[in-house]
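The values are calculated or read from the model by the stated rules, or taken from the named source; none is laboratory data. None of the values given here were measured: they were computed from a predicted structure. Positions of Cβ are backbone-derived with ideal geometry, glycine not excepted, and every protein chain shown enters the neighbour counts. Ligands, DNA and RNA are excluded from the accessible area calculation, which covers all protein heavy atoms including side chains. Shrake-Rupley method; radii C 1.70, N 1.55, O 1.52, S 1.80 Å.
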Amino acid sequence: IMNKNKNKILYVIETDDHYVKVGISNNAKKRFNQIECGSGKKIINSFISEYTPNAKKIERLIHNRFGRYRKRGEWFYGIDYLTVLTHACLYDYSDQEGIY
């Protein structure tokens, strides 16, 4: 059984104003509630990976890949959610650290 304290999930969300956010968390449901309450945006699409020790590495690779669309922090605009999701699905979310 994987240690969920060490491992995180990677998520990709799209909001009702078509911003895309790529982040990591221990608890996706709690994080999504925080995002909606904190930003006033409604999440209309979401992807949640398996728990993986590679979440931070994968997040960084995705952020770098779509860096030109970055608006603020982990928020991207002008890139289609499905494009980001398709790219996110290329990575290995297994429990093997360093495999991505």
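Expressed as a whole percent, the accessible surface of the chain that belongs to carbon and sulfur atoms is 48, based on a 1.4 Å probe. Ordering Gly38, Leu10, Leu82 by the projection of their Cα atoms onto the charge dipole of the chain, which places +1 on the Cβ of Lys and Arg and -1 on the Cβ of Asp and Glu, puts Gly38 at the extreme positive end. For Gln34 and Asp16, the difference between the fully extended length at 0.36 nm per residue and the C-alpha to C-alpha distance is 4.9 nm. Computed with a 1.4 Å probe over protein heavy atoms only, the accessible surface of the chain comes to 60 Å² per residue. Each Lys and Arg Cβ is given +1 and each Asp and Glu Cβ -1; about its Cα centre, the range 15-55 then shows a dipole of about 120 debye. Rounded to 0.05, the FRET efficiency of the Lys42 and Thr86 pair, given R0 = 22 Å and the Cβ-Cβ distance, is 0.45. Only Lys, Arg, Asp and Glu carry charge here, each on its Cβ (+1 for the first two, -1 for the last two); on that basis the chain has a dipole of about 400 debye about its Cα centre. Computed with every protein chain present, the accessible area of Leu90 is close to 130 Å² [probe 1.4 Å]. The largest-to-smallest principal axis extents of the Cα set in the range 1-55 are 37, 16, 12 Å. The helix-based estimate of mean residue ellipticity at 222 nm for the chain, built from -39,500 (n - 2.57) per DSSP H run of four or more residues and divided by its residue count, is -9000 deg cm²/dmol to the nearest 500. State, as an integer percentage, the relative contact order of the chain based on alpha-carbon contacts under 8 Å between residues 6 or more apart. Here the relative contact order equals 33 percent.
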